[in-house]
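Enquirer: Below are the C-alpha cells for one structure; questions will follow.
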Amino acid sequence: MQIKLEIPDEVASALVPPGSHPPRTALEALAIEAYRQRRLSEYQLRTLLGIRSRYEFDAFLKAHEVEKYNAEDFEHDLATLAKLDEANKRDRSA
C-alpha cells in the first residue's frame, strides 16, 4: 500500500527533525503508534522498518522512548501470580 500525505511546510518542519527523511519519519511514527497499541507485533515492526537484530530493535525503541514492558503487562503478570499463589495454597491444603 502506498500512502501520500500533504503537510504544510510550517507544520512539517515541526514534525520532522532537521536532517531526517520525512517519509521514513512518518512511517516510523505510524508504526511505533501501532506497536504501542499492540496492533503490530515486534516481528511485524522489525520487518516493516527493516531492523535485523533484536539489539538494533531495542536501541530503536529506546531512542523513541517506547517501553516493551508497560503497566498493562505488569497488571497481567500480577494477576497471574495471584492465581498461581491461590492454586499453590489449594494444593498444599489438599
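FYI, it's all coordinate maths here, none of it is from the lab. Remember, it's a predicted structure, so these values are computed and weren't measured experimentally. Cβ atoms come from the backbone with ideal geometry, glycine included; neighbour counts cover every protein chain shown.
Enquirer: Out of the range 54-82, which residues are surrounded by 10 or more Cβ atoms within 10 Å (Cβ to Cβ), of a type in the set (D, E, K, R) and in a helix (DSSP H, G or I)?
Expert: Listed by number, the residues that qualify are R54, E56, D58, K62, D73, E75, D77.
Enquirer: Tell me, which helices (runs of 4 or more DSSP H) lie completely within the range 1-51 with 3 or more residues that are over 21 Å from the mean Cα position of the chain (by Cα)? Lay out the reasoning, then the answer.
Expert: Numbers: elements: 9-15, 22-36, 42-49.
In the range 1-51, the matching helices (runs of 4 or more DSSP H) lie at 9-15.
Enquirer: Next up: Mind listing whichever residues of the range 1-21 are surrounded by 14 or more Cβ atoms within 10 Å (Cβ to Cβ) and under 18 Å from F60 (Cβ atoms)? Outline the logic, then answer.
Expert: Restricting attention to the range 1-21, the residues satisfying the condition of being surrounded by 14 or more Cβ atoms within 10 Å (Cβ to Cβ) are 12, 16.
Matches in the range 1-21: V16 only.
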